[in-house]
Amino acid sequence: MIITKKAISRREVLRGIGAMVALPLLDAMTPALLAQAKTPGPVNRLGVMYIPNGMIMNKWTPALDGAAYEFSPTLSALAPYRDRLLVLSNLACVPTPGRPGGAHAKASTRFLTDVSPPTSETWLDAGISVDQILAQETGKHTQLASLELAIENGETAGACDVGFACAYTNAISWKSANTPLVTQNNPRVVFERLFGDMGNTDPKARLARIQQQRSVLDSLMKEVASLQGSLGPNDRHKLTEYLESIRDVERRIQLAEEQNDQNLPVVDHPVGIPATYDEHVKLMCDLQVLAYQCDLTRVITLMLGREFSGVTYPQVGVPDAHHPITHHAGEPEKIAKVEKINAYHVTQFAYLLEKMRSTPDGEGTLLDHATLMYGTGMGECNAHDPRNIPLLLAGGGAGTLKGGRHIRYPKETPLANFHLTLLDNFGIKRDRIGDSTGRLEV
């Protein structure tokens, strides 16, 4: 295909009154993008979705290995994405010798760092997480090196492991051994970080301005009209869909703010956070897709819950707090409830996969050009067993991943081996990470 229209820089933005919106990948950007790239080809993004408190493993793990596996009850919602999915078994997140206790603190911390935290409420010592190793490289080409998202507010939520700093249970991303990256659970704040800061973090002041001002996009329509005149039909369609996606996310955030203000007048509830868990997750996933779509960042983590999470899930028939019932002691009723939570969390991952599969990106989709991890640092929840953690890998990895398989590695294969292999797929070579002993066949 010969593109005769002018080349638009990948960093081109629409500028309006106090706002900037980055553009999605358009056909007209291809000449400029290829001119900037050392090796022509699609961009590969990393996404990590973390779930807390372990798993009912016999309802998670497929019975058969290889391409002939059948979806387990917990994973059944992912059946439409079989060709883009790998189920990985027997990867171990075993604690570092000499650092006992703190099963939950170790689960979340080791999931991406491969280092166990020490017993201390003040001394932080983990390791740079694999997402941040990648972000050091990809961040050279994007506005934001990475995004750390969450559903729960880690600054105030719940309990922590006795004798361990709360940072270990509240974060999975570590910029250095002593620097956990704080997660953001407010969609409004994330939106502003991506598409323009309102200039004040005070929730009441921000809400007042939101009610007084027009949509961020309203101030950009003249610039959009001017740009569309220089684009082909395909690019005009892409741009229209992209801007409508932004407008839809913004509208839903504003609706959530209005509902929270009306329905919870006495509760000190963060502005911008939807009233339901389901809508909250969907909004965060939509923001993740938008960030990928306009190449604002290529590395995003999302914690569906922090370790020790006590979130309840009445929407799936579980009014009980999550963490306590994972200590099920073999009681069938509690096990069944945890199974429901596990399967419900998987449906949230399925939502993200569908959203990315339906979003065009160059000559494919965002799902084709992404590597998405889903899992937790703890296997069987009642035993707090880290020797066989639940882990999924999804997407096309920009040509580096072949899905449709259940891979069962030798027992207690270090999770760090997987991290080394993951970095290889992004073109980043490391000799060793944490307790790694080699690389994996993926």
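The values are calculated or read from the model by the stated rules, or taken from the named source; none is laboratory data. Here the structure is a predicted model, which means the values were calculated and not measured. Neighbour counts are summed over all protein chains in view; Cβ atoms, including those assigned to glycine, are modelled from backbone coordinates with ideal geometry. Quick note on the areas: whole protein, heavy atoms, side chains included, nothing else; ligands and nucleic acids left out. Shrake-Rupley method; radii C 1.70, N 1.55, O 1.52, S 1.80 Å.
Quick notes on this one:
- Sum of side-chain charges, E441 neighbourhood, beta-carbon under 11 Å (Lys, Arg +1; Asp, Glu -1): +3
- Atom-type composition of the exposed protein surface of the stretch 278-437 places 51 percent of the accessible area on carbon and sulfur (1.4 angstrom probe).
- Within the shell of other residues whose beta carbon sits under 15 angstrom from the beta carbon of K340, the net charge comes to -2, with Lys and Arg scored +1 and Asp and Glu -1.
- Of the cross-linked pairs K59/K402; K106/K282; K340/K402; K140/K175; K140/K402, those separated by over 20 Å at the C-alpha level are K59/K402; K106/K282; K340/K402; K140/K402.
- Rounded if a/c under 1.5, otherwise prolate or oblate - the stretch 109-194, Cα gyration tensor axes: oblate
- Since only L147, S89, A107 are under comparison, the one whose Cα sits farthest along the positive direction of the charge dipole of the stretch 74-192, derived from C-beta charges on Lys, Arg, Asp and Glu, is S89.
- Label separation (R387 vs E244): 5.4 nm, computed from points 7 Å beyond Cα along the C-beta direction.
- Ordered from highest to lowest accessible area with the whole protein assembly present and a 1.4 Å probe, C166, C93 read as C166, C93.
- For R45, solvent-accessible area (1.4 Å; no DNA, RNA or ligand), Å²: 10
- Built amide H within the under 5 Å cut-off of L91, gap 5+: I389
- Gyration tensor verdict on the stretch 281-438 (Cα atoms; rounded if a/c is under 1.5, prolate if a/b is larger than b/c, oblate otherwise): oblate
- A 1.4 Å probe run over the stretch 319-409, with the rest of the protein chains in place, finds 34 Å² accessible per residue.
- Expressed as a whole percent, the accessible area of the stretch 89-173 that falls on carbon and sulfur atoms is 56 (1.4 Å probe).
- To the nearest 10, the accessible area of D361 is 10 Å² with a 1.4 Å probe.
- Förster radius 22 Å - calculated FRET efficiency between Y351 and A321 (Cβ-Cβ, nearest 0.05): 0.40
- Percentage relative contact order, the stretch 293-442, counting C-alpha pairs under 8 Å, at least six apart: 12
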